Each structure stands twice: as C-alpha cells, then as structure tokens.
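Each remark here refers to the structure printed beneath this line.
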Ligand code: ADP
C-alpha cells in the first residue's frame, strides 16, 4: 500500500517541534506494516542544501500563479518529494515566520500550494504516482484534503486522513484569498473552507478528510470541548464518529540511552549509576553547583501552552526545596527574560540556555533527574516520552498525552509497580509547587526513585503499536469509497 504524507516539516530534514519527529518517524515505522510512505514537504533552503541531489519529477508553470518544480529524493531510506517553489520557500528566517518573528504574510499561498500539489499527486495528475492514502498533518498540510475533495485531478482519488498535532494553530486567513486558491465557488461554505467569515485551512482539512486523527486518546476527547477545541470543537463534535486518537511514539533509534552518541555515558536500566557522568556534564555546561540533590530540567518551547509563564514564577520555591534547574528552550520574549532573571537570582542553582540544541536536549534527558511539564494542554508531548525512556522522571499536568503516558507515583501505583512519574491537576502555582515537593520527597528515597526510573524505562513508547493502528486505519479507508462532497 502507498501513502502520501504531506507536512511542513520532517525530521531529520527540518524540525521546529514534535510535528517533525512524528512525520519523520511514522513513515519509517509504517514500512514494517507493509505501507510505503512518500513524504511531500517544501524544499526550504536548508533542505536543498542537505540533499545529495534530487531528480526533477514534474514542473509547474502555474502553481497558484507561480513557477515550481517537484523534486524526488531519498534520505536515509525514506522517500521525499520536495516542492521547490523559490518564490514561496527560498528565503531566510524561520519556516513560518520572518526574522521579525511575524508570520510570513504569504503563508496562505505557501501552504495552499503545498496542498494543491499533494492533491495532484493523490488524484493522478502526475504520471507514475498513485496513492491509496493521502495523510495531511496540521494546518500547513490541511488544504490537501480540501483540494482533493473540491478540485481533484482526473485519476483515482486517494482516501484522506487529517491529523491534528495542535488544534491551536489553524491557518486562518482573510476571505479575500479565497479567489486565488483555485477552488470552485461552492467550496466557500460551512462544509468547506469557510471559517468565521474567512478561510480556515485546518477547518477545511477537518471538514474534507475522510478520517480525523489526533495524537492521543485524551486529546481526542478534549478537543470535543470548547476549552480545548479553540473554535473547532463544534466541527469535531459533528464528526465525532470519524475522530480517532492514536498516541505518538518515539524513534527508538534516535532516543535510546544505551546507544545515544550525544551522551557522555550511555546506560540502560541496569547501569543507571552511569547517568552521573551526564549530570556532571550538565552541571558544567549550565554552571551549576555540584551536589547530590535533585536536578530538574526543562526542554521546551517557552510559551503559555507549556505553562511556562506560571512555572517561571515558582523557581524560588524550587530552589528553596533543594532543587536545581537546567533549562533549554526558546519562546515568548517575556518568559525567556523571566527565566534569565531567575538564573541571575540563583547562580549555581538555576542555569538557562535560551537556544534550540538537539544534542543538548539528549544530554539533559540523560543526566537530569526530572523533567518539568506544566503544559496547559498537550496533544501528545514527546519530551515526557524521552524522559521515560531515559530515566528522567516526568513531572506533568494531567492533560492530553501526558495523562495517557505517565502513571502517577501514588502510594498505590508505587506498591503495584506501575508508577512512572508525578502528575498534578491544573496548572496553578500551588499545584506546581506541590508536585515539586512530591518529586523531592520521592527522590530522597533512592530505592523508590530507582523503581520509578526502571518502570518508565520498561514502558514501550516505540512506534510499533501506533504505526500498526495507522496501518489498520489506512487499510480500512482504502476499502471504503471516499466521502461524497
Ligand atoms: P511541541 O511540538 O508542542 O513543541 P513536543 O513535546 O511534541 O512539543 O515536541 C517537542 C520536540 O522539540 C521534542 O523533540 C523536544 O526535544 C524538542 N525541543 C523543544 N525545545 C527544544 C530546544 N530548545 N532544543 C532542542 N530540542 C527542543
């Protein structure tokens, strides 16, 4: 079976967050379930630079009014199609924002073009390309199912899956762009791309795709409610029978403490004492005092979603309780500044690196004792899975994928050998402080702590089970005729 995956980022080619990890790893994991995945994404300059040659598969002279070509390439055994449209993607700055931090004003055109090409590939426009499944990720991929529904090519049409990695990012644009999308008039409707008077890309994908998935069962339930659905909960409720939560996995080739080249010392659950060498390295990099008390880490976007605005107000309490913190992250400027101020107030106790550093994120998981995750909402979350695999105990708000993957260290769960982390309910200063206190307490009992670490490390968060569920969904869909407009 052949599936076309369409997304705006994929690890290892380009990554700004968990989306890239999932798109990259899932395509590899599906192979052992008999699904061959081709990933379509933009040919950003960094992607073109890392390619060892790409073959031109198709040329467009009028892709939403622009010249473009489609390049085919193979990277690390995975097959990619790269949309090389220089007017859209050949620029400095970020994937979605310019150097000023503002969204690129032509984001609608950049990702509509990506969706248009995906739909072409999935409906026989490009010779030699036939897919049973079109799998679109997040708002940047979401126009693909809409083009497939409203303006398909002449060939057989793939069935479509729309995956929500974060419903907060919706790609909502002014209605004036509609006329330039190349869609028939009737697509501007409540069952099409119209969204609160404008054009909603994610909305269009959710309304058009045959099935909707999101990245954990709890988040799948949560987005039915106004508090989590961010305006799309009504649509989710209307399509509830087509909504499915499939937990993300982690790439165990990349995230494996017994082979990880980013660690000073590799280890497994029988040699956890070796983590102390990684902890020494962290203490040096973050200029922290050397001592045996609990070392907390944060590896995160520093944003409201991640609860970092509240977390940063409780760092004095963390230090009072004997904790230290090594933070790696970037995000909202005011939150970044507050963490830096806390580091100045507590030299040797709090170390802050405002940066994005893949290698350092591995070292932190491999040497810190606990990772703090006070997310207000978390569709799945990957860093708690990295923490579990590395014996770095997650301390998290009970929401979304955090609730689905961490088992709280209550007396009962400890006694029955199930506990893997510390959970709290609702992101408030009091709850965060209480969770830190519980963590410090558990940490002081080294037998309990070792038990928690080993139980987390024994849990299976590889892609094996989840890739099977996607493969089953693909098979089920490819036998069902596509939904009628
Ligand atoms: P989200 O996609 O919402 O940011 P996830 O937990 O799903 O959150 O995925 C975040 C991914 O990005 C993880 O692989 C994490 O290790 C990585 N990450 C986040 N911030 C940084 C950083 N500053 N440096 C390195 N890796 C980071």
(message) How tilted is helix 333-345 with respect to the longest principal axis of the chain? Cα atoms for both, answer in degrees (0 to 90, nearest 10).
(response) 10
(request) Could you tell me what percent of the DSSP beta bridges with both partners in the range 33-117 are antiparallel, to the nearest 5? (result) 75
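When you count, for each residue, the other Cβ atoms within 10 Å and take the mean per peptide, how do 142-150, 470-478 rank with the highest first?
Order by mean packing, descending: 142-150, 470-478.
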(request) For a footprinting-style exposure proxy, rank 80, 96 by other Cβ within 10 Å, fewest first. (result) 96, 80
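Can you order the peptides 163-176, 183-196 by their average number of other Cβ atoms within 10 Å per residue, highest first? Provide the component values of the computation, followed by the final result.
Values: 163-176: 19.6, 183-196: 16.6.
With the highest mean Cβ count within 10 Å placed first, the list reads 163-176, 183-196.
What's the extension gain from residue 398 to residue 259 if we count 0.36 nm per residue and subtract their Cα-Cα distance? All intermediate terms of the calculation are to be shown ahead of the outcome.
Values: separation 139, 0.36 × 139 = 50.04 nm, distance 3.09 nm.
Working it through step by step, the gained length comes to 47.0 nm.
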(message) Shape verdict for the range 46-96, please, from the Cα gyration tensor: rounded (a/c under 1.5), prolate (a/b greater than b/c) or oblate.
(response) oblate
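Given the range 78-216, what percent of its DSSP beta bridges are antiparallel, to the nearest 5?
Working: 5 of 14 bridges.
That works out to approximately 35 percent antiparallel.
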(message) Output the 0 to 90 degree angle, nearest 10, between the alpha-carbon long axis of helix 446-458 and the longest principal axis computed from the alpha carbons of the chain.
(response) 20
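Name the shape class, rounded, prolate or oblate, that the alpha-carbon gyration tensor gives for the chain, where a ≥ b ≥ c are the square roots of its eigenvalues, rounded holds for a/c under 1.5, and otherwise prolate holds if a/b is larger than b/c and oblate otherwise.
Values: a/c = 1.82, a/b = 1.80, b/c = 1.01.
Judged from the Cα gyration tensor, the chain comes out prolate (a/c at least 1.5, a/b above b/c).
To the nearest 0.05, what FRET efficiency results for residue 106 and residue 287 with a Förster distance of 56 Å applied to their C-beta separation? Write down the numbers at each step before the final one.
On the way: r = 43 Å, r/R0 = 0.77.
It comes out at approximately 0.85.
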(request) Treating the angle as unsigned and between 0 and 90°, give the value, to the nearest 10°, between the Cα long axis of helix 107-121 and the longest Cα principal axis of the chain. (result) 60
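How much mean residue ellipticity at 222 nm does the chain get from its helices, if each DSSP H run of length 4 or more adds -39500 (n - 2.57) and you divide by all residues, to the nearest 500 deg cm²/dmol? Intermediate values should be presented prior to the final figure.
On the way: 21 runs with 182 residues, N = 485.
It lands at -10500 deg cm²/dmol.
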(message) Can you tell me what share of the DSSP beta bridges in the chain is antiparallel? A percent to the nearest 5 is fine.
(response) 30
(message) If I model a spin label as a point 7 Å beyond the Cα along the Cα-Cβ vector, how far apart are those points for residue 304 and residue 454 in nm?
(response) 4.5
(request) Quick one: go through the range 198-239 and flag any residue whose amide nitrogen is under 12 Å from the point 7 Å out along the Cα-to-Cβ line of residue 476. (result) 211-213
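Name the shape class, rounded, prolate or oblate, that the alpha-carbon gyration tensor gives for the range 231-350, where a ≥ b ≥ c are the square roots of its eigenvalues, rounded holds for a/c under 1.5, and otherwise prolate holds if a/b is larger than b/c and oblate otherwise.
On the way: a/c = 2.77, a/b = 1.31, b/c = 2.11.
Oblate, because a/c is 1.5 or more while a/b does not exceed b/c.
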(request) For residue 62 and residue 87, calculate 0.36 nm times their separation in residues minus their Cα-Cα distance, and state this gained length in nm to one decimal. (result) 7.8 nm
(request) Percent of Cα-Cα pairs per 5 Å bin, from 0 to the last occupied bin, for the range 46-159, please list those. (result) 2, 11, 20, 23, 23, 13, 6, 1, 0
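Bear in mind that the values in this text are calculations on the coordinates, not laboratory data. Note that this is a predicted model, so its numbers are computed, not measured. Methodologically, a virtual Cβ is constructed for each residue, glycine included, from the backbone with ideal geometry; neighbour enumeration extends over all protein chains shown.
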